[in-house]
Amino acid sequence: MSPIIELHQIRKSYGLGTPVVAEVLHGIDLCIQEGDFAALTGPSGSGKSTLLNLIGLLEKPTSGQLLVGGQDTAGLDDAAITALRGRSIGFIFQFHHLLPGFTALENVMMPAIIDSGWPTAQAQATALRLLDQVGLKDAAHKRPSQLSGGMQQRVAVARALALSPRLILADEPTGNLDTHSANDIFELLHSVNQTQRSACLIVTHDPALASRCARQIQMVDGQLLPPG
Amino acid sequence: MPVRLPFAWMVCLRYLREGRMQTVLILAGVTGGVAVIIFLTTLISQLQASIIDKTLGSQAHVVIRPPQAANHTTLSPDSTAAIIQPRAQRLRSVDQWSSVSQLAAQTPGVLAVSPMVSGAGFAVRADASQSIALMGVEPQAYQRIVRMAKYLRQGLFDVSGTNVVIGSELAKDLGITVGDKLRLVTVDGRNDLVSVAGIFDIGNRDLNRRWVFTSIKLAQTLLDLPGGITQLDLRVENLFAAETTARLLQAQTGLTVDSWMQTNAQLLSALNSQSMSNNLIRFFVTIIVAVGIASVLVVSVVQKQKEIGILRAMGASPQRIMSVFLLQGGLYGLVGSALGSALSLGLLNFFARITRNADGTALLSGDLDPGVVLSACGLALVVGLLAAALPARRAARLDPVQAIRV
């Protein structure tokens, strides 16, 4: 198994250059391998979201080394980081964050459209297959507002899978759903992990859900607790 | 998905459709702005063309005359001051007029040159006499300066032999018509019996009463200027370059050269202030359209903040995000200017139908100048893009993490 993301002594501070500097992450070492199915838990304010944003290349660390597929991201410019993020990482947010003006199908196609610049027939076929996979083939031409919360989140999962990313980052993907839908989404992520070998990192507050993941990463006050 | 558009177009069109009300309102604004600009520009340029045609249709653009005669007095070394009385200006010929005429004809921008012998005289018939301006011309050359054929009401513009062409008022005053005889008399008593070959109406009662056209030869005889001419009339290609041409010729010949812009200074200043007010209106309309587009897009960027963050998280580069909003601005400008052109065409045709000249002819033509339309559309496109630049930059600079959290 090869590492997808490696973090070495990652620190993140906010308010640099002001009198109040807050360090949120205090030297994180973490490695996410291909096929990992990991839960990231911890109390609110422990820095889970910040860590997820760093891993998702949405933010840059203040210090430390962040490697994606063995490549150091420190030397990359914004365009390269954006392209790398689009191609290798799929996001699932707590509040689905679908684009309201586009149909479910268009939402799922969007990462591919952004990647190639055009909506291609191949992207459409992939999107339809993914919607089928999440059980929403019939809802392909509906707008997000016409779908239930669970369905919206399933569309979001399908969108995260659009470019077959090596890593899926899910920020409380079930936090807003009823137990039944939450279970569906979790199973969906699990099956994707099993069949496509995409690594999943799921931020959750739900201990039951976390315990079903193959790997648990716990975070307290900006630091990772040692495993076990 | 029947039509496949690139990312920026797809997102841009979807945003325009989502914000239907905003889109319709700002398009109405741009349409109105473009229509006002095109309509006003066309209206004013047509009216100006009509005024210029009416005023300058009956006069030369540039006139070359002999220099004013002046006294040359040598002051004695002891004197400190002297009163020099200006000399009375007698009728004189333009020195070397045929070479001056050639020089003028070869000057760039000069379309036609026509020599003229003019002086004061009287038209006498029986007991009636009228003071007139005697104008000896070469009909063909003069027709290139003033299109007499257009003003002719009776007969022909024929001044051969002892034929003359007179104005309608003079004909009325003397009670004569084409074929009748009258006597032309100058101040030193020279006179000749002539016959009327044509009667013109130049649109100015005073000129219709005073102008009498004869051949150059007859005028030379009557005014005692054998072989000489009193002025050269010029027509230039670009009306508003007449003054430049006049100054150039004055420098080259040392003669007195006047352009219409000097002799009609008031007309020129009226035309200029008309153009200036048109430019002011255009300027403010453009600013208002730009502010309208910019404000709609600023609001749109704020509304779409979260979506922009999501698109960025999915790998859309800042440039792609920027192009979405630039496209919106450009489309507002382009579509608005197309609608505005159509609206101004409608307005113009409406006004062309309801406004009439004093003589009942149409004051305006309903035709749009393609150049005006194209430049208004180009302006609207550029203004749309420029107005969108700031909001687009703001959208592109949004931090995806912050944007999604909103």
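The values are calculated or read from the model by the stated rules, or taken from the named source; none is laboratory data. Just so it is clear, the structure is predicted and the values come from calculations on it, not from any experiment. We place every Cβ from the backbone using ideal geometry, glycine too, and count neighbours over all the protein chains shown. Surface accessibility is based on the protein's heavy atoms, side chains included, excluding ligands, DNA and RNA. Shrake-Rupley method; radii C 1.70, N 1.55, O 1.52, S 1.80 Å.
Would you mind working out the magnitude of the charge dipole of the range A:1-140 relative to its Cα centre, with +1 at each Lys and Arg C-beta and -1 at each Asp and Glu C-beta, to the nearest 20 Debye?
200 debye
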*Going highest first, how would you order B:44-54, B:392-402 by mean Cβ packing within 10 Å?*
B:392-402, B:44-54
*Report the relative contact order of chain A, percent, no decimals, based on alpha-carbon pairs under 8 angstrom and at least 6 residues apart.*
29 percent
*Show the residues, 5+ positions off or on another chain, whose built amide H is closer than 5 Å to the amide H of B:Ala133.*
B:Trp211, B:Val212
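Quick one: which of A:Lys48/A:Lys142; B:Lys54/B:Lys150; A:Lys48/B:Lys304; B:Lys54/B:Lys181; A:Lys48/B:Lys306 span more than 23 angstrom between C-alpha atoms?
Working: A:Lys48/A:Lys142 33 Å; B:Lys54/B:Lys150 12 Å; A:Lys48/B:Lys304 26 Å; B:Lys54/B:Lys181 31 Å; A:Lys48/B:Lys306 21 Å.
Check vs 23 Å cut-off fails for A:Lys48/A:Lys142; A:Lys48/B:Lys304; B:Lys54/B:Lys181.
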*Kyte-Doolittle mean at least -0.5 and Cα axial length at least 18 Å: DSSP H helices in chain B*: B:20-56, B:265-303, B:318-354, B:370-396
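With a 1.4 Å probe and every protein chain kept in, tell me what percent of the accessible surface of the protein assembly as shown is carbon plus sulfur. Show your work: numbers first, answer last.
Working: 17010 of 29990 Å².
Accessible surface attributable to carbon and sulfur in the protein assembly as shown totals 57 percent.
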*Send over a whole-number figure in Å² for the accessible area per residue of the range A:126-228, probe 1.4 Å.*
47 Å²
*What average number of partner chain Cβ atoms lie no more than 10 Å from the Cβ of the residues making up B:9-21?*
2
_Output wanted: per-residue J couplings in Hz (rounded whole) for the range A:32-41, from phi through Karplus 6.51 cos²θ - 1.76 cosθ + 1.60, θ = phi - 60°, x for Gly and Pro._
10, 8, 4, x, 4, 10, 10, 10, 10, 10
_Residues whose placed amide H lies under 5 Å from that of B:Arg153, excluding near-sequence neighbours_ = B:Ile199, B:Phe200, B:Asp201
*Taking 50 Å² as the minimum loss, tell me which residues in the range A:105-134 lose that much accessible area going from the chain by itself to the full protein complex (1.4 Å probe).*
A:Glu106, A:Ile114, A:Trp118, A:Pro119
*Per-residue HN-Hα couplings for the range A:77-83 [Karplus 6.51, -1.76, 1.60; θ = phi - 60°; Hz; x = Gly/Pro]*: 7, 4, 5, 5, 5, 4, 5
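For the protein assembly as shown, what value does the Rg/Rh ratio take when both radii are computed over Cα atoms and Rh is the Kirkwood radius, given to two decimals?
On the way: Rg = 43.1 Å, Rh = 32.3 Å.
Here the Rg-to-Rh quotient is 1.33.
Compare the peptides B:159-167, B:81-89 by average per-residue count of other Cβ atoms within 10 angstrom and give them in order, highest first.
Working: B:159-167: 21.7, B:81-89: 7.6.
By packing density, highest mean first, the sequence is B:159-167, B:81-89.
Dividing the alpha-carbon radius of gyration of the range B:251-326 by 2.2 N^0.38 Å (N being the number of residues), what value is obtained?
Values: Rg = 26.4 Å, N = 76, 2.2 N^0.38 = 11.4 Å.
Relative to the rule-of-thumb radius for its length, the range B:251-326 sits at 2.31.
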*Averaged over peptide B:304-314, how many Cβ atoms belonging to another chain are found within 10 Å of each residue's Cβ?*
6
*Quantify how strongly other chains surround peptide A:46-59 by giving the mean number of their Cβ atoms within 10 Å of each of its Cβ atoms.*
2
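According to the Cα gyration tensor, what semi-axes, each the square root of 5 times an eigenvalue, does the equivalent ellipsoid of the range A:11-89 have, listed from largest to smallest in whole Å? Don't jump to the answer; show the numbers that get you there.
Details: eigenvalues 94, 64, 23 Å².
With the √(5λ) rule applied to the range A:11-89, the semi-axes are 22, 18, 11 Å.
For n ≥ 4 DSSP H runs only, could you compute -39500 (n - 2.57) per run for the protein assembly as shown, divide by its residues and tell me the 222 nm figure to the nearest 500?
On the way: 22 runs with 305 residues, N = 634.
My calculation for the protein assembly as shown gives -15500 deg cm²/dmol from helical runs alone.
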*Each residue of the range B:150-156 in turn: what ³J(HN,Hα) in whole Hz from Karplus with 6.51, -1.76, 1.60 and θ = phi - 60°, glycine and Pro shown as x?*
5, 9, 5, 9, 9, x, 10
*Angle, helix A:104-116 long axis vs. longest principal axis of chain A, Cα atoms, 0 to 90°, nearest 10?*
60 degrees
_Listed peptides A:58-70, A:167-179, A:105-117 by packing density, highest first (mean Cβ within 10 Å)_ = A:105-117, A:167-179, A:58-70
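Interface size between chain A and chain B, please: total buried accessible area, 1.4 Å probe, rounded to the nearest 100 Å².
Details: alone 10920 and 21590 Å², together 29990 Å².
So the total buried area for this chain pair works out to about 2500 Å².
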*Enumerate the amide H contacts of A:Val24 below 5 Å, restricted to partners 5 or more residues apart or on another chain; note that Pro and chain-start residues carry no placed amide H.*
A:Lys12, A:Ser13, A:Tyr14
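Around B:Ile202, what is the net charge, scoring Lys/Arg as +1 and Asp/Glu as -1 over all other residues with Cβ under 12 Å from its Cβ?
Values: positive: B:Lys54, B:Arg147, B:Lys150, B:Arg153, B:Arg205, B:Arg209, B:Arg210; negative: B:Glu169, B:Asp201, B:Asp206.
Taking every other residue near B:Ile202 into account, the sum is +4.
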*Expressed in nm², what is the orientationally averaged projection area of the convex hull enclosing the Cα positions of chain A?*
13.0 nm²
*Provide the net charge surrounding B:Pro115, with neighbours chosen by a C-beta distance below 11 Å and charges set as Lys +1, Arg +1, Asp -1, Glu -1.*
-2
